[in-house]
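The next block holds one structure in the form of structure tokens; read it before the comments.
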Amino acid sequence: MKTLTLSDADLIADKALEKGRELKLAPLTVIVLDAGGHTKVLKRDDGSSLLRPEIAMGKAWGTLGMGFGGRDLARRAAKMPAFFGALSDMSGGRMVPVPGGVLIRSDSGDLLGAVGISGDASENDEICAVHGIRSAGLTPDTGD
């Protein structure tokens with residue numbers, strides 16, 4: 001079974017940040033987690049604001065913890081706010097159920113980790129995460 005290497009994680013973060021600059025987005029923060037929820041890489045653009053690492057972590061951690069992408073997480077949170085409030089409490093507030101959290105899968109569908117990006121609109125954060133994952137030859141899972 002393939003695992004997420006440091007080289008893969010580094011490439012994902014670099015390419016995601018590069019895409020954000022190409023699109024002239026606000027400064028981004030990118031975190032890449034392995035399948036166990038451990039940080040492989042955390043990178044912040046110059047000028048990225050104070051809470052961005054925590055928000056990016058919440059996006060990635062939430063998708064990884066629930067097993068589906070940020071778009072699906074957001075839809076479910078909108079339908080079941082009490083349940084997601086409880087999940088937030090149980091996780092110590094570490095879940096941010098919005099786009100910008102994207103699962104990383106192998107070609108065969110194995111879960112390798114997750115990316116979380118914060119800094120611009122959630123949909124733009126997601127575009128950058130997807131670009132980074134694809135740049136590493138891996139498969140993004142946004143929940144759509």
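Where a number appears in this text, it was derived from the coordinates with a stated rule and is not lab data. Keep in mind the model is a prediction, meaning the values are calculated, not measured. Positions of Cβ are generated from backbone atoms using ideal geometry, with glycine treated the same way; all protein chains shown enter the neighbour counts.
Tabulated data for the structure shown
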quantity: Highest-fluctuation residue, Gly69, Gly47, Gly132 considered, GNM on the chain with Cα pairs under 10 Å; calculated: Gly47
quantity: Gap separating the Cα centres of the stretch 93-144 and the stretch 1-80, nearest whole Å; calculated: 6
quantity: Top of Gly37, Gly20, Gly92 by mean-square fluctuation, Gaussian network on the chain, Cα under 10 Å; calculated: Gly92
quantity: Residue exposure sequence - Phe83, Phe68 - by fewest surrounding Cβ within 10 Å; calculated: Phe83, Phe68
quantity: Dipole magnitude of the chain about its Cα centre (Cβ charges: Lys, Arg +1; Asp, Glu -1), debye to nearest 20; calculated: 200
quantity: Least to most buried among Glu54, Glu123 (fewest other Cβ within 10 Å first); calculated: Glu123, Glu54
quantity: Packing-based exposure ordering (other Cβ within 10 Å, fewest first) of Arg52, Arg94; calculated: Arg94, Arg52
quantity: Where labels lie 7 Å past Cα in the beta-carbon direction, separation of His38 and Asp10 in nm; calculated: 1.8
